[in-house]
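For reference, the structure discussed in these notes is given below.
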Amino acid sequence: MYMKEIYTDSTPSTLHTFIQQNPLGVLTTAIPSSTHPLLQSTHIPWVLDIPPPSTADNSNAVKLRGHIARANPQCAAILDSLATQPESILPTEVLILFTSPYHSYITPHFYTTTKPLTGKVAPTWNYAAVQVYGRARIYNPRSEGELGEQASMFLDTQLRDLSAHCEGEIMGYTTTGTRDTHTHNNPEEKPCPRAWTVDEAPDAYINILKKNIIGIEVTVTRMDGKFKMSQERGEGDREGVLKGLDGMGGDVARGVAGMRWTQNRVPPPASEDARPRHPTFGFVVTLAGPARVPQKQQPKGLKADIGAGLTQDGLLLKKLRNRPRRSDRARLSSSPISPCPSCASHGRLLIPDPSFLHRPYKKLRTPKLPWQVPAPKLRETGNHHSNTMKSTTLLSLAWAAQSAYSLSIHERDEPATLQFNFERRQIADRSRRKRSTASADLVNLATNLGYTMNLTLGTPGQEVSVTLDTGSSDLWVNGANSSVCPCTDYGSYNSSASSTYTFVNDEFYIQYVDGSEATGDYVNDTLKFSNVTLTNFQFAVAYDGDSEEGVLGIGYASNEASQATVGGGEYTNFPEALVDQGAINWPAYSLWLDDLDEGKGTILFGGVNTAKYYGSLQTLPIVSIEDMYVEFAVNLTAVHLEKNGNSVSVNNSATQFPIPAVLDSGTALTYIPTSAAASIYEAVGAQYLSEYGYGVIECDVKDEDFTFLFDFGSFNMSVDISEMILEASSDMTDMNVCTFGLAVIENEALLGDTFLRSAYVVYDLGNNEISLAKANFNPGEDHVLEIGTGSDAVPKATGATATGAAATSTASSDKSDKESSATVPRSQIVSLVAGVLVGVFLVL
């Protein structure tokens, strides 16, 4: 800032108090990068740490603590810059700017003395701000070892302190549930919400939030305040400014009018209705009276750059949400946020608690989700997914009003079912194409694949290709003018070219764990596929994002991205729309991915195909969380390994099993806890690459007689090791190095495509059940049965057995023999990978 002496105040106590009462500061970084802008800024709420007066060393300097969302591009630039900074301190200083909500345009008409006499006046703006420079230390909770533990503890403290400060100082709430009369000058102790604490949120929810943010601690090197309140004018002009602003009405104008620079020693005007909005700090803030806007005159739908709205009770500034790479949207609120009159009338700036400001846009409440895996790098679904689960988890069962039945299958002449064929195809890896090196692509080629299918949208129909995902719940496609298009390979949607298009809202935002995202509008239009037409179907059109291909999410409706928006709620998504419009009778579908070599599969809505599995379907209940069904998760009790029919010792630690295991077609690999994974890696000779979050293995191990047995308590599901070994790039495969399809995760399990290819899976959203059988890779003629709504047992099913014989029968296949590639000793795998990566760096 330009610091003119008459406006400047560097008194520490004044600046500290200003920051404490206006904790939302703009963090600006200047980080040279080939993939990110040099200058980036983000609004962040901060906690100010003031050392005792007796301490003067740098370790006890004034510090600011904050946190920033990992998906924020500024965060990506910060983390990239730390690659060469072993102490996790940014190489350049950062700037943080704090401003007061009270600021206003000053018209020359307010200068009642100078203007009539000389006319030498010009308009200006009155405001107050504090700028802070300092060195920033970064706390990354995904760091390994001691650094990760320190980051976790830092974020625990940060979230608690920030929430306590905002709940107490800004909202005036107390632990007793009464108004803080000292802070808000309210002599009456009227009931108000008790101050919210972090401990009220589920631990798992907070842990997930922590995984998706990084902590920032700024050691202050310089701090200056600028309080521009017309103090350069003569007394007559100053009084004219005060009267002019007061006459404008409204809390903002009156707040500016009430600001008096302390050097003038002018006491605030007395008034019966005067109510200080802030304690004195550098300038005095008073209001001559509360803003009173008649109900009929309240603005409706008006837009304002500051995102504020006047209500009958005063100023309410509500940040609806953070939208990366889109223009800021402001909303006016027509009713107070606070639930009691005395809470709403205090006229102070309202700031959402940190769990709102920085939560993932997909709500997370599930304990022990696979998002906690340490930064896995591989993603089979390519541009829009991570190998870790991508789904939201705040779920309320869409079909709760209906009675729960067991899976019922009926044979009819014309079953009400719909079958889609999809193919496994290569997809560019969006998250890595912005990287400066090509290292990830060398080992990741096999996992940059997605199961895609074609749909048409609009009238006339516009064909798009979307990736099938059981782990999310929205259908979204790219708009024709999307920032990532032209989307030649996957198609796009042009709303202007459709006669049946209607706009719903502009609140679509979805974010996946790897930081990939899409943002745009919700719309209604006609969707066609096969011989089915869904009219007035709601889906999302993305105009900004990272991915050229869209997603067809087929999870629970309450898993939709709209659930994380302010005022958002459920809408009828794809599985529900099929039922509502009569295409199928029940919200359920079965998935068959075929084996790894075929690269195709089918999904059957409303039915099962008995030709595609062996034995009988074994039904398991979906795990509920706090009486809510949050994901397609079932209890996994152990993972076993056999070689040549003999059991191999696997450490299924009682502290890690049983655990919920999520079945997700949008995930390439299968993740299990460390104890079991370590035993298996040793037995098969795989090597874990912690930098990438997965393992490598000799390609020819797929010809050995290893079998994985996933134990669900009453039965096992078998997976041949050949389904767990994925070819990487041609360079790596030529050296007999492949990607191992089993990766490491803590406290949970995620059953991705390396598991699902060996299973026939029925996802029953209506009954909250998963049914499994051994997949048949060589099916004969289709035999399709309809899933009904009755309580009949599954036809021909014997139920889950203790031995799981039916479920573990092995499918034969007619795979042709492949020539053996040159072998490399297992001890050389890791060094070989490193050598190839170095070679690529030299070429680049």
- Item | Output for the range 177-188, where each listed residue is at pLDDT 55 or above and surrounded by 14 or more Cβ atoms within 10 Å (Cβ to Cβ) | 178, 179
- Query: Any residue at all in the range 593-607 that is under 14 Å from residue 772 (Cβ atoms) and either surrounded by fewer than 24 Cβ atoms within 10 Å (Cβ to Cβ) or modelled with pLDDT under 90 (or both)?
  - Reply: yes
- Give just the number: which of (1) out of contact with any strand residue (DSSP E or B) (no Cβ under 6 Å at 6 or more places or on another chain); (2) farther than 18 Å from residue 571 by Cα; (3) buried (at least 16 other Cβ atoms within 10 Å of the Cβ) does residue 488 not satisfy? (3)
- Query: Does residue 623 fit the bill of being of a type in the set (Val, Ile, Thr), surrounded by 24 or more Cβ atoms within 10 Å (Cβ to Cβ), touching a residue at least 24 places away in the same chain (Cβ under 8 Å) and under 24 Å from residue 671 (Cβ atoms)?
  - Reply: no
- Note on the structure: Checking 717, 724 in turn, the sole residue that is within 27 Å of residue 142 (Cβ to Cβ) and either in contact (Cβ under 8 Å) with a residue 60 or more places away in the chain or buried (at least 16 other Cβ atoms within 10 Å of the Cβ) (or both) turns out to be 724
- How about the range 630-675: which of its residues are under 26 Å from the mean Cα position of the chain (by Cα) and hydroxyl-bearing (Ser, Thr, Tyr)? 665, 667, 670, 671, 674
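For the range 143-152, does any single residue satisfy the condition of being under 28 Å from the mean Cα position of the chain (by Cα) and closer than 15 Å to residue 66 by Cβ?
Yes, the conditions are met somewhere in the range 143-152.
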- Item | Residue count, the range 509-531 (criterion: modelled with pLDDT of 80 or more and under 17 Å from residue 577 (Cβ atoms)) | 9
- Out of (1) touching a Lys or Arg at 6+ places or on another chain (Cβ under 8 Å); (2) surrounded by 13 or more Cβ atoms within 10 Å (Cβ to Cβ); (3) farther than 15 Å from residue 138 by Cβ, what's the single condition that is false for residue 35? (2)
- Query: Based on what the data block shows, is residue 769 under 34 Å from the mean Cα position of the chain (by Cα) and among the acidic types (Asp, Glu)?
  - Reply: yes
- Among the residues of the range 13-32, which ones are in a helix (DSSP H, G or I) and surrounded by 12 or more Cβ atoms within 10 Å (Cβ to Cβ)? 14, 15, 16, 17, 18, 19, 20, 21
- Message: When you check residue 769 against the structure, is it surrounded by fewer than 22 Cβ atoms within 10 Å (Cβ to Cβ) and at pLDDT below 90, yes or no?
- Response: no
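Hey, does the range 641-654 have a residue that's part of a helix (DSSP H, G or I) and at pLDDT 90 or above?
No, that holds for no residue.
Just give me the residues in the range 657-669 being in contact (Cβ under 8 Å) with a residue 40 or more places away in the chain and out of contact with any Asp or Glu (no Cβ under 8 Å at 6 or more places or on another chain), in sequence order. Before the answer, list the steps.
Filtering the range 657-669 for residues in contact (Cβ under 8 Å) with a residue 40 or more places away in the chain gives 658-669.
Those that are in contact (Cβ under 8 Å) with a residue 40 or more places away in the chain and out of contact with any Asp or Glu (no Cβ under 8 Å at 6 or more places or on another chain): 658, 663.
The values are calculated or read from the model by the stated rules, or taken from the named source; none is laboratory data. This one's a predicted model, so the numbers in the text were calculated from it and none came from an experiment. Glycine gets a Cβ as well: all are built from the backbone with ideal geometry, and neighbour counts include every protein chain shown.
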